[in-house]
Each structure stands twice: as structure tokens, then as C-alpha cells.
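Beneath this line is the structure, given in C-alpha cells, with notes to follow.
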Amino acid sequence: MSSRLRVVLYGLLCVMAVPFVFPTWWMITSSMKPVSEIFAWPPALFPASPSLDAYRDVFTLQPFAQQYLNSAYIAIVVTIGTMAVASLSGYAFARIRFPGANALFLVVLTGLLIPSEVTIVPLFQMFNAWGLIDTHWPLIVVPILGAPSVLATFIMRQFFLTLPVELEEAGRLDGLGRFAIFWRIALPLARPALGAVSIFTFLHSWNLYLEPIVFLSTPEKFTLPQALTQFVDAYGGPMWDVQLSAASLTAIPVLIVFVIAQRQFIEGLAHTGLKG
Amino acid sequence: MRLRAMTAALLLLGVTACGGGGASDGPAELRMTIWSANEAHVKLFDEIAAAYVAAHPDKVSKVTFDPLPFENYTTTLTTQLAGGKGPDLAWLLESAALDFVEAGALVPLDDTLEDPAGLNPAVMKLWQADGKTLAYPFSNSPFGVFINTDLLKQAGQEPPAAGWTWEQAIAAASAVHAKTGKAGLVVRDFDYKGWDNLATVWTGWGANAWSEDGKTCGFDQQPMVDAMTFLHKAIFTDQALPGPGTTADFFAGEAAMTISQISRASLLEDKFAWDLVPLPAGPAGKYSVIGQGGVGVLKQSKNAAAAADFLAYFTNAANSEKLAQFFPPPRTSLLTADTLAKANPKLKPAQLQTVVVDGIANGKVKPSHTGNAELSQAVRASLDPLWRPDADVRTVLTGVCTAINPLLSK
Amino acid sequence: MKTFWTARRRDTLAGYLFVAPQLAGSALFVFVPLVLVVYYSLHEWNVLAGTFSFIGFSNYSALAEDANLMPVLRATALFSVGLVAINLSLALLLAVLLNQRLRGTAFFRTVFFSPVVVSLVAWTIVWQFLLQDNGGINGALDMAGVDGPNWLRGDTTALISVIAVQTVKNVGLNMVLFLAALQGVPADLYEAARVDGASAWTRFRRITMPMISPTILLTSIITVVGSLQVFAQIAVLTQGGPGTSTTVLVYYLYQQAFQFHHFGYGATLSVLLFGIVAALTVVQWQMRRRWVFHEQ
């Protein structure tokens, strides 16, 4: 590659990187500015006198630590549950021949096509009938078993399709049953796909917005995205600096984890079998 | 498959429908949805509730105050109601008042409320239907104009005197913007979306969003055209108001004046010298506008009787006086500058008298209508073309009426 | 009984057991609600008054009379087409750039992917600030001597803004998938083509595109379906405005059901939305035989 082309490519990459980096940068720096500076013209790259006051307010105005914990544990439970459900059914759809498998797979796939807004009212009714409104159950059970897990099943199926049959044949000759083949042979090989599924699922749960708004009403039970929009004064006027501080707090830890583990993160996603 | 699912569905509906029945014996647990998560507010409510529970342990064992996000307050409340899981008592925004009042979703309170004669009839009107009081307007907050006198001085402008007019207000705002680069006048929470806040302007021209009976559109009538023409010129020619998509926070010192409810005084830190004055007079003379919040007992509640009893206690004279520190009450006896001054240390009695006491006495409540959310959305969408420099005011306003007439006649 | 449990029967049982949780979940949390939505759509449901009455297909005939519906469908189509086109082509462009032998591609890969892990509401709130008339974007344009438009207040620019915010947020996902697909293309294919004297563009069109076409199919299905489900961004950024220029079907559905309290009509719109998504997916799936390499 010529060095001139190299410079052009680097230039292009740098320019294109701006909209990806600047918002996060701006969010974090602005959260340390007083409100008047947030709207200053032109916007400053650094706060004139950084202050963490707004961060303190985040915790005094709402049970933010508790809300953080809620979001984290819900996302983790959902991730583990989804991995279990999706790898089992993904494996069966890819590897086990049983009557109606294709038809059932198509039936399950339709779940991929249903926006959560479509079913939220009946879901609300159902969980209400079971007395589970204002609990975390709907936010855990629906993603694991309902429409959101379908994408995970799909990814797992596509991955298991690419596994060489010979590996399983060997296990079968050793007298292993289906579950043992799945558990001891197929699943360990599926680590990249599981990685992808866990990332997708974690982020999906972490980002849920409509569902918590509809299902939860006690601040101690809120999740983070819901809490983010709560930093308003009693008449609905937004408290910008506090809102940005809270937003930063939700973003920074995940970003740090991501930067540290980015190789596994991205390569896990890349090797999902979504290739074909 | 389909048939079975259908059966299951019906079964579930049945369960839901039955869920509302069967009041339990013993003291009730009450839940009240509110839109303020403000610590001081909730603390006061809890105190009042604790006192009530202590006095009536046989009726009520616990009262929970459940803050819902203001942003989606009515939506969340309705969703809970749809699921048969509504609260026993709920705060209601004035904009949604008629929806709740006229749908028959609320329990009449006439027999329970304490001293109904002491309530100011003007502020009660919105919350009554067929001669029955269906909710109690616990908050009656008039709009006034907060002034950053430092900024005005900096721009060489006189602070507003009694009887100031819109012409003067816009001239001063325009001068501030030209001299200091800061914003002149901000209609708080309008932001080119919350158009009902413009009632604080157009009422000065005698304009109305719709007629008293809610059937006739007022946007295409002359007073409204005049008011909006004035406003349009103030925004785009005089640059007295920040244009669409520009944010300026008065309380951060970014604007010289803001039209806002007095309760926002709590946001004032002593960063700059400020004053509070009544709305400027328009061509139709002096006027005032109030925003309300009501609280009602929902029919759906299993404990409606207990809830109504608690509400009566919550709003009796003694508690109203406590609530007055945050929410101007509808009780005539409490609407004096002295009572309010105790609660609002940041405001001077003179300010409270002119803006709050007089304001509530003569105030027009912000526009409300049945089907409010849909109507409000239709107005917002059809009013959007007005917020361009080259807009033709009369054409846009005629368009607003075309858009909302079908909704008004419903 | 040993003869009854043949390997085949045991597999069948295992298959059903393995998919049972997913199937039960889909039945309970996808199909029952879906049937309920259809059932609601045949009713007039006033939540506040607590009335629920059968009205047959009136909600469906109301669709035809709804003056807002055409603009909403138009906005939905523009948004989806714009998002899918921009998202996929940008993802492919980034993937191709990062697939070059350059130092530091891992760094840029991290950068382009990072918005994916930022919480959606936080991300949207930040862009809401940046897109203000006096916000960061116009500040930057101002320094470059360009007078930026009032992004969220113009019909076209608002739609573009929402598309851009959504693209920057999620393009990293598609980029990574494309990147993996590109790296899976055998190098000897390119070598052979080079020997035959094929230009870079020809190589891209004749080798790269067909080889990664399964990935393109998959990402396009996911992106199309995702584009029809965009909600939080619209709710935070534009609330469907100005006018109805960014009121996409999902947002309109939410407005009708939850804000205007027309649950019955909202359910009808849900049925419409489901029909559109299903139809689009079937079309894409059918078209795959025409252009997806492995399917030929």
C-alpha cells in the first residue's frame, strides 16, 4: 500500500471517528460543568472548573445505587437464562431431526418480527393477573422466554449448523446421549456464539426503556434507563447537569469493560456463524 | 393452536376482570400516584399520612406515595388503570382533568371534603361535572414573570413597573439579547412544543384555544391571530425570545425574563438579583393564568371510601396550610400573602399578593379539553409551521382549526 | 421396551425437550399476547370509563379514514429505507476500511463499536443536546464556517437527525459482522482474480459481494425489523415532530394506545405493524434466492 493512500485512509478514519467519540466525550465533560456552561456557545471541550456536585445529586435525588444494582442483576439473570434457553433450542433446531422441527422453527422466528410495543398491553394484563406488576419478573421472564430470546436462538442455530458432524458422531460412538453430546461437545465449541449472545442479550436488557416504564412504578425498583429520565424538578423541568451525570454513570462502566475486553467482545460477535 | 390460545386469552381477561372485586376486610392500604419525587414534598405527605393512620388505624393501615415520571405521568397512570392496577388516589394534571372527570373515572367527593364552602369556586370549576366535585385542586400555581434584574441593568433597561405591557416586555427582552447576547424572554416549558403554555401570552389579547363549551376552535379568530402575529414578530424579528431549538435556562442566568409558575422560585439560587412580577398587560388589559394539579379518588379502587376519607383529611384546613408551602391551596381562607409568605421565604409579601393571591382570584386556567392528549398533539403538529421566520400566521392558524375541528366536535 | 426407544425416537424426544422452554415461552409471551391484540382490535376500550365493548371491524375501517395514517406510513417508509441504506453502506464501508492492512485498525474498530455499548437513552439524551440550534453540531459547523440548520425543527433535517443518531449508535454491530465475513473470504480467490487482471472494483463486486451476501441478507433483515421498532430515540429526540415528520408507526401506535387512550385502535395499528413486518421479511426471504450466493 502506498504511503499516500495510507495517509488518506488514516485521515478518513479519523474524521469518521468524530461522531462516534465526541458524544461520549461531551457527555462526560459536560456532566462536570454547571448548567450555564452546558449551553455555552461555542461549546467548550473541557469544563472550566470541573465539579462533581451533580454526581452527588444523582444519588441524593434517587436511590440510584439500588437502581444500578437492579439493572445489573436483571441483565445478568436475563443473559444467563437466555443463553440456556437459546443454546438448547438452537442446538435442537440445528442438529436434531424431529418431526415438525422446521415448522416449529419458523413459528419461533415470527417472534423476531414482533415489536415489543405491539404486545405490551396484553403482557401488562397477563402479569397483572398473576400479581406481578411492579416486580422485576416481567423484565426477566419475557426476555428469556419471549420474543427477545428468538434472535439468540437464531444465532445459536446458525452456529451449530456450521459445526462438523464428525465431532458428534465420535461422541455418539462413545455412547453419549443427546444431552451429553450437547453439553460436553457442542456447547464448549459454541463459546464464540455464546459470547455474542451474551453481549446482545446483556445490552438489550440494559437498554430496555418501554417495559420498565410500563411495569415498574416504585423508584427502588426502577432500572437505569428509566431512572435517567427521572431527573426533573417537580414540574417536569429537566435538571440537565444531573441528568448528564447519571447518563455518564450508566455509560462509563460498560465502556470500561468494553475497552478492556474489546477483543473478546468484538471477535465473539464476529464469529457467531451469522456469516451464513 | 389458535383456538386454544384464544381460550387462554379469554381466561386471562376473565381473571383480570375479576381481579378488581372482593374488597378485603380490615384496614386498607392506600396508594396515591404523584408526579413529584421531590424529597421535601414526599416527606410532608408521609407525615400527614402517618398522622392519619395513627388516628384511624381501623380504616387505613398504610398510605404509599408513588412518584411516577412527570414526562409520562398520565400515560403511566392510564396504563396502570388499563391493567386494573390503578392507584386508589391520583394526582391529575389540569390538561387531563376533563378526561378523568367526564369519563366517570372518579368518585364524587362532595360528601367527604371538609368545608366545601371555603373552596374558591373559580379554581374548582374544572374539577366539577353535573354539580359534583370529582377532584380537589391541591395546587393552583399562577404564572408570573421572573426577572433577572442584573441582566436588565447590564442592557440599560428599567426593571418592569406595575402595569407594564407586552410592548415594553418585548422591547426590554429584545434589547437584552442585542446588548448581551443572552436570551430575552423565555416562556418556560414551551420550547415550541408545550403550546398550552402560550396561554400565558395570548390571554392578554383575549384569545382562547377554544370556546368555553369546547366546541368552537379559537385559533383562527382575530384575537388569536393578533396575539400570534405579535409573538411571531417578537421571536423572529425582535429576537426577544430564543428561537426554536435554542435552549436558555433562566435559572442558570441565561435569560433576562421567564414566564413560569411561582413554585419554580425554589430553583433560584442567589447568583443574580431577581424580581417576580405579574404577567404584562396585553391589548385586552390585565390578566392572569394559573396551572392546576388536582387529586381524586379512582372509582376502580377497592378502597374508594377509605381513600376519600383520607383525601378529606389530606386536604383539610390544617393540612392545606402545610401543603401551601409547596402548592397554593384552593381554600380562600389560606390565600393570603401572610400565609403564603411563611411557606415561600424567597418571595416578598408584595410579590405574593400581586402574583399569587390576585392571580388565583382572577386567573384563567390553562386550556383543557376531553381527549386532551390527542387534541394537544394535533395542535402541536399543526402549529409547527408557525415557528419559521417566513410563516404566514393566519394561514397556519386556520390550518390548526382544520386539524382540530373534528376532535372538538367529538 | 428397549426396542421402543430407538435412537430415532430418543432423538425426537430430546428435540422436543430441548425446544420446549422456547416454545412454551413463545406461546405464552408472543402468541397469546398477539391473539389478545387481535381480540382487542375488535373492541372499543375506554380505559378511564372502564368500558370494553365489541365493535366488529370498525377500528379497521377507521384505518382508512385516519388522515394521519398516510403521513405516518410515509415517515415510516422514509425512515426505514434511509436507515437501512445508510446503516448497511456505512457498515460495509467501515468494514472494508478496517480490513486493510493498516496499523491501528483494532483501535478504530473499538471506536466505531463503542456507541453500541452506551445505553440507548443516555446516547439519545446527549444527541438531543448536540442537535440543538445552539448545540455542539452547529458549533462545530460554525467553526468550519458553515451555518448549520436547526436540526430537530425542520421536517427533513429532523428525520435525517434521527436516522443519523440511530446509525452511529448501531452501525458498529453490522460493521463487525461484515468484517468477519470479509475475513472469511478466501485470499486465493482475490489472487486468481488479480492474475486475471480484474480491477479492485470488479474484485469487490464479483468476489466480495457474492461471498458476503449471506451476511448482507441477515444484517438487512435484522436492520429492517429493527428500524420498524425504533421508539426511545423518537420519544426523546422529536416526539414525532415537527408536524408529523418523524411520527413512525411504532410511535403513532404508542400515542394512540397509551397517550390518547385508544387501546382498541392502538391494537389495530399493532396488527397493521405486524402485517408490514411479516410481509417485508417474507419478501426479503424470497428474494434471497435471487442474489444470495450460497442459496443458488
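Assorted remarks:
- Some residue of the range A:132-141 being open to solvent by 20 Å² or more (accessible area, probe 1.4 Å) and facing chain C (nearest Cβ under 9 Å): yes
- Checking each residue in the range B:37-84 for being at the interface with chain A (Cβ under 9 Å from one of its Cβ atoms) and under 16 Å from C:His261 (Cα atoms) picks out B:Asn72, B:Tyr73, B:Thr75, B:Thr76, B:Thr79, B:Gln80, B:Ala82, B:Gly83, B:Gly84.
- Considering only residues in the range A:160-172 that are in a helix (DSSP H, G or I) and away from every other protein chain (no Cβ under 12 Å), the one that is least open to solvent (accessible area, probe 1.4 Å) turns out to be A:Gly171.
- Residue satisfying condition, being crowded, with 19+ Cβ neighbours inside 10 Å, at pLDDT below 90 and within 20 Å of the chain's Cα centre (by Cα), within set B:Ala373, B:Ala361, B:Ala378: B:Ala373
- Residue that is surrounded by the most Cβ atoms within 10 Å (Cβ to Cβ) [pool: residues in the range B:261-274 that are under 23 Å from the mean Cα position of the chain (by Cα) and outside any helix (DSSP H, G or I)]: B:Gln261
- Among the residues here, C:Leu228 qualifies as at negative phi and facing another protein chain (nearest Cβ under 10 Å).
- For the range C:79-167, no helices (runs of 4 or more DSSP H) sit wholly inside it while including 1 or more residues that are crowded, with 23+ Cβ neighbours inside 10 Å and touching a His at 6+ places or on another chain (Cβ under 7 Å).
Yes/no matrix, rows are residues, columns are (1) crowded, with 18+ Cβ neighbours inside 10 Å; (2) aromatic (Phe, Trp, Tyr); (3) more than 20 Å from the chain's Cα centre (by Cα):
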site	(1), (2), (3)
B:Gln300	yes, no, yes
B:Ala304	yes, no, yes
B:Ala307	yes, no, yes
B:Phe310	yes, yes, yes
B:Thr315	yes, no, no
B:Phe327	yes, yes, no
B:Ser333	no, no, yes
B:Thr336	no, no, yes
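- Whenever a residue of the range A:48-66 is closer than 14 Å to A:Ile28 by Cβ, its partners that are charged (D, E, K, R), lying with C-beta atoms within less than 9 angstrom and at least six residues away or across chains, give the pairs A:Pro50/A:Lys33; A:Ser51/A:Lys33; A:Ser51/A:Asp241; A:Ala54/A:Lys33; A:Ala54/A:Asp241.
- The lone exception for B:Thr258 - which of (1) among the hydroxyl-bearing types (Ser, Thr, Tyr); (2) touching a residue at least 40 places away in the same chain (Cβ under 8 Å); (3) not in a strand (DSSP E or B) it fails: (3)
- Positions within the range A:95-112 being out of contact with any Ser or Thr (no Cβ under 6 Å at 6 or more places or on another chain) and open to solvent by less than 30 Å² (accessible area, probe 1.4 Å), in sequence order: A:Ile96, A:Ala101, A:Phe105
- Some residue of the range C:211-234 being open to solvent by 10 Å² or more (accessible area, probe 1.4 Å) and over 30 Å from C:Arg74 (Cα atoms): yes
- Scanning the range A:96-149 for residues that are of a type in the set (S, T, N, Q) and not in a helix (DSSP H, G or I) turns up just one, A:Thr135.
- For the range A:215-232, filtered to residues that are modelled with pLDDT under 80 and open to solvent by less than 20 Å² (accessible area, probe 1.4 Å), the residue that is nearest to the other protein chains (Cβ to nearest Cβ) is A:Ser217.
- Odd one out for A:Pro63, checked against (1) open to solvent by 20 Å² or more (accessible area, probe 1.4 Å); (2) touching a Ser or Thr at 6+ places or on another chain (Cβ under 6 Å): (2)
- Each residue in the range C:246-271 was checked for being assigned to a loop (DSSP other than H, G, I, E, B) and open to solvent by less than 10 Å² (accessible area, probe 1.4 Å), and 3 pass.
- Summed over the range C:2-50, residues that are in contact with a His (Cβ under 8 Å, 6 or more places away or on another chain) and either over 30 Å from C:Leu272 (Cβ atoms) or surrounded by fewer than 22 Cβ atoms within 10 Å (Cβ to Cβ) (or both) total 1.
- Residue list for the range C:202-250, restricted to those being among the small types (Gly, Ala, Ser) and touching a residue at least 40 places away in the same chain (Cβ under 8 Å): C:Ser213, C:Ser220, C:Gly226, C:Ser227, C:Ala232, C:Gly241, C:Gly243, C:Ser245
- So A:Ala180, is it surrounded by 21 or more Cβ atoms within 10 Å (Cβ to Cβ) and over 13 Å from A:Ile74 (Cα atoms): no
- Hey, A:Arg191 crowded, with 23+ Cβ neighbours inside 10 Å, among the charged types (D, E, K, R) and within 27 Å of A:Leu203 (Cα to Cα) or not: no
- Which listed residue, of C:Gly275, C:Gly243, is farther than 21 Å from C:Asn87 by Cα, within 14 Å of chain B (Cβ to nearest Cβ) and either surrounded by fewer than 18 Cβ atoms within 10 Å (Cβ to Cβ) or within 16 Å of the chain's Cα centre (by Cα) (or both): C:Gly243
- Here B:Ser139 passes the criteria (1) of a type in the set (Gly, Ala, Ser); (2) at pLDDT below 85; (3) crowded, with 23+ Cβ neighbours inside 10 Å except the one numbered (2).
- Residue within the range B:191-208 that is among the small types (Gly, Ala, Ser) and in a helix (DSSP H, G or I) present: yes
- Figure legend. Inter-residue proximity from the range C:101-119: first residues within 18 Å of A:Glu267 (Cα to Cα) and among the small types (Gly, Ala, Ser), second residues assigned to a loop (DSSP other than H, G, I, E, B) and modelled with pLDDT under 90, beta-carbon distance below 8 Å, spacing 6+ or different chains. No pairs are indicated.
- Criterion (over 25 Å from the mean Cα position of the chain (by Cα) and more than 14 Å from chain B (Cβ to nearest Cβ)) met by exactly one of A:Leu69, A:Leu13, A:Leu61: A:Leu13
- Every condition in (1) within 14 Å of chain C (Cβ to nearest Cβ); (2) open to solvent by 50 Å² or more (accessible area, probe 1.4 Å) holds for B:Asp99 except the one numbered (2).
- Scope the range A:31-58; condition more than 25 Å from the chain's Cα centre (by Cα), part of a helix (DSSP H, G or I) and surrounded by 17 or more Cβ atoms within 10 Å (Cβ to Cβ); matching residues: A:Val35, A:Glu37, A:Ile38, A:Ala54, A:Asp57
- Filter result for B:Ala240 (closer than 30 Å to A:Ser36 by Cβ, within 13 Å of chain C (Cβ to nearest Cβ), assigned to a loop (DSSP other than H, G, I, E, B) and among the aliphatic types (A, V, I, L, M)): no
The values are calculated or read from the model by the stated rules, or taken from the named source; none is laboratory data. These numbers come from a predicted model, not from an experiment. Here the Cβ is made from the backbone with ideal geometry for all residues, glycine too, and neighbour counts use every protein chain on show. Side chains included, ligands, DNA and RNA excluded: accessible areas come from the protein's heavy atoms. Shrake-Rupley method; radii C 1.70, N 1.55, O 1.52, S 1.80 Å.
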